[in-house]
Each structure stands twice: as C-alpha cells, then as structure tokens.
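Asks: Got a structure for you, written out below as structure tokens; questions coming shortly.
Derivation of every value follows stated rules applied to the coordinates shown; laboratory data play no part. None of these values were measured; they are calculated from a predicted model. Virtual Cβ from ideal backbone geometry, glycine too; neighbours counted across all protein chains shown.
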Amino acid sequence: MIWLVARNKKNIPEKKRRFNEWLARIYLSASIGMYPVTAAAFIAVKLNPDGGRGFIYQFYFWVWLVVTILLIIRRDNFKITRDCLLLGGLLGMAIPIVNGLVTGNWVWVSWRHGYYDILFIDLLWLVMSVATLVTWLLAVRKRQGKLGRALSPA
C-alpha cells in the first residue's frame, strides 16, 4: 500500500496509475489472503489428521489461489482488507474450538496437563483473532463514520 501511495501522483499518466492500482490489488489480495487461509489450514489439518504433508500443501495452495482470485475480483482495497480481517478473525477463533472438539485438548486441559505447545498455539490464535476482530471493527466504524459525514446534509 505504501508503494501504491508513493506512485499515486498527479503527474503519473492515468494508464500507469491504473496499472499500479491493479498490481497493488494483486499483491494485497495474495498477501492478506494468506491470513484466513492459514487459519483454515489449521482447521483442515485438525479435521483430517491423516492427510499428511501432501494434503496440507494441496489444501493451502488451492484455497489460497481461489481466495486470491476472489479478492482481486473485489476491486476495492478496503473491502479486500475488511473481508480478510473478518474471515481470518472468525476462523482463528474457531481453531481452539475445533482443537478442543476433535482432540479434547481445550485450553484449560492443555494447561492442566502441561501441553504448553498446544496451549501456546491456541492462545496465540485467540489473541491474534481478538486483535484482528477489534481491528476489523475499528476499520468498519471509521469507514461508516466517513460515509456518514459524506452523506449527511451540510
């Protein structure tokens, strides 16, 4: 996004600016799309523990490709970011829940039995998800506030 802002100057020809926006949208979609796909991969591995390394690679690549294409089609950097934050936050919150349902290693069970590696991953996803959902909420409210001021009569 910094790269795009630095190149969005009035002296740049319109065709070049559109190309820069298109390229930035592709980079943004591919990079921010990894967040919800990574969370989905954690869940997929829990639901298919015998899938092996090949399953993880296939799942991650194809889901990431589809998500990236869908985000590029959105054609709006705010909506791309907003959607990935919401989806990533919700899927991230689901990781400890799915882990608990599938393995019985709920956060309190992992703590009690000293499974600190599992506990760390579950807590990491919980903290990241809460932070992500708070960021999503602040971004949506800020956008609504700007739209509300723009739409209100002067």
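Asks: Out of Gly54, Gly88, I need the residue that is assigned to a helix (DSSP H, G or I) and loosely packed, with under 12 Cβ neighbours inside 10 Å. Which one?
Replies: On the way: Gly88 fails: loosely packed, with under 12 Cβ neighbours inside 10 Å.
Going through Gly54, Gly88 in turn, just one is assigned to a helix (DSSP H, G or I) and loosely packed, with under 12 Cβ neighbours inside 10 Å: Gly54.
Asks: Can you name the condition, by its number, that Tyr35 falls short on among (1) closer than 27 Å to Lys142 by Cα; (2) buried (at least 18 other Cβ atoms within 10 Å of the Cβ); (3) in contact with a Leu (Cβ under 7 Å, 6 or more places away or on another chain); (4) not hydrophobic (A, V, I, L, M, F, W, C)?
Replies: Every listed condition holds for Tyr35 apart from (3).
Asks: While we're on this one: For segment 9-57, what are the residues that are under 20 Å from the mean Cα position of the chain (by Cα) and among the basic types (Lys, Arg)?
Replies: Arg25, Lys46
Asks: Restricting attention to segment 93-146, which residues are surrounded by 13 or more Cβ atoms within 10 Å (Cβ to Cβ) and outside any helix (DSSP H, G or I)?
Replies: Listed by number, the residues that qualify are Asn105, Trp106, Tyr115.
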